[in-house]
Amino acid sequence: MDKNLIQRTISGIVYVAIIILCTTPLGAQLINSISPDLVKQHYLYYGLITFLLVVGSWECVKIMKFGKGYEKWIVFPVILIIFYMFSKRYFYHDFFFDFRLSEILALALIAIAIVTLFKYPTELYYDSGKLIFTVIYVALPFSFALGLPKYSSYDNTFSLEVLFLFILIWSSDTFAYLTGKFFGKHKMAPKISPKKTWEGYAGGVVLTLILSYFIEHYQHDLRGNWMVVGFLVASFAPLGDLVESQLKRNFGVKDSGNIIPGHGGVLDRLDSFLICAPVVYLYFILEKFI
């Protein structure tokens, strides 16, 4: 068997296992079975998101090749300050009670950053542009991801929105790949991602919606309507891949890193999550008022 295939398989299994353990009660149950009451599930999830934020930020800084200006030295303090503000809301359960205009504006910044990447890439050749893009592209999505699950310190429950978000992203990517492989003829973005086709995109949407139906039918404790979530994920997950591909293409980089052997870096594996998490979070906000 190909050595690289074995490496990819093992690291892929470890990656999926970590996601499952940190986004479901299984992680805390496993650890507490060894040492009772050692950890609560929401701490594992927070630790996962914090780790991904730090590594993803470091990868983005390396990709964009910051110069010797002050921007390189303040990018991490700025990111940590933003994440700290969201962290306070996470631990005080403040994500679920009100509608904030500042959040909508922050979400709009992500859209502006994407447009800039594709339409005005020269703006990102300046360190100031690199600083702003890194903060928006990495810090905001992972910060908003803290607001996706619900948990209760009273009965130690932790909801599964993030796990099923990952499942839908993985299924969307897999369905789109398989559909595109067998039926793909019309390229979606040949210069950025030559293998993506419109037929694959359509197949990813349809088949992910089918999976979403079963999630909605059998998982009644999840926030929102998961047929809607499935449609949003299938629609925006390919955009996440295109954004990261365009970023690497602009700066002549093949992989964002090598922390996941055979799969690349955090940004390589979570490119779709970086777009889908804020989109789904926005839906959860709006769903409360509809």
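From the list 152, 128, 143, 87, the lone residue that is open to solvent by 50 Å² or more (accessible area, probe 1.4 Å) and among the small types (Gly, Ala, Ser) is 128. When the residues of segment 266-290 are filtered to those that are over 13 Å from the mean Cα position of the chain (by Cα) and not aromatic (Phe, Trp, Tyr), the one that is most open to solvent (accessible area, probe 1.4 Å) is 290. In this structure, residue 38 qualifies as modelled with pLDDT under 95 and either outside any helix (DSSP H, G or I) or surrounded by 15 or more Cβ atoms within 10 Å (Cβ to Cβ) (or both). Checking 222, 168 one by one, the residue that is under 30 Å from residue 26 (Cα atoms) and more than 14 Å from the chain's Cα centre (by Cα) is 222 and no other.
Of everything in segment 228-243 that is open to solvent by less than 10 Å² (accessible area, probe 1.4 Å) and among the hydrophobic types (A, V, I, L, M, F, W, C), the residue that is nearest to residue 215 (Cα to Cα) is 229.
Against the definition (within 18 Å of the chain's Cα centre (by Cα) and either part of a loop (DSSP other than H, G, I, E, B) or exposed (fewer than 13 other Cβ atoms within 10 Å of the Cβ) (or both)), how does residue 113 come out, yes or no? Answer is no for this residue. The set of residues from segment 171-188 being within 30 Å of residue 146 (Cβ to Cβ) and open to solvent by less than 20 Å² (accessible area, probe 1.4 Å) comprises 171, 172.
Looking at segment 226-238, is at least one residue without any contact (Cβ under 8 Å) to a residue 40 or more places away in the chain and of a type in the set (A, V, I, L, M)? For segment 226-238, residues without any contact (Cβ under 8 Å) to a residue 40 or more places away in the chain and of a type in the set (A, V, I, L, M): present. Spot the failing condition for residue 168; the list is (1) farther than 18 Å from residue 235 by Cβ; (2) open to solvent by less than 10 Å² (accessible area, probe 1.4 Å); (3) of a type in the set (A, V, I, L, M), and only one is missed. It is condition (1) that residue 168 fails.
If the Cβ limit is 6 Å and pairs must be 6+ apart or interchain, which residue in segment 239-253 that is part of a helix (DSSP H, G or I) pairs with which residue that is of a type in the set (A, V, I, L, M, F, W, C) and modelled with pLDDT under 90? Within 6 Å, the pairs are 242/189; 242/192; 245/192; 246/192.
All conditions but one from (1) open to solvent by 20 Å² or more (accessible area, probe 1.4 Å); (2) in a helix (DSSP H, G or I) apply to residue 106; the one that does not is (1).
There is no residue in segment 256-264 that is at pLDDT 90 or above, surrounded by fewer than 18 Cβ atoms within 10 Å (Cβ to Cβ) and farther than 22 Å from residue 122 by Cβ.
The values are calculated or read from the model by the stated rules, or taken from the named source; none is laboratory data. All values reported here derive from a predicted model rather than from experimental measurement. Note: ideal-geometry Cβ built from the backbone for every residue, glycine included; neighbour counts use all protein chains shown. Areas reflect the complete protein model, heavy atoms only, side chains present, ligands, DNA and RNA absent. Shrake-Rupley method; radii C 1.70, N 1.55, O 1.52, S 1.80 Å.
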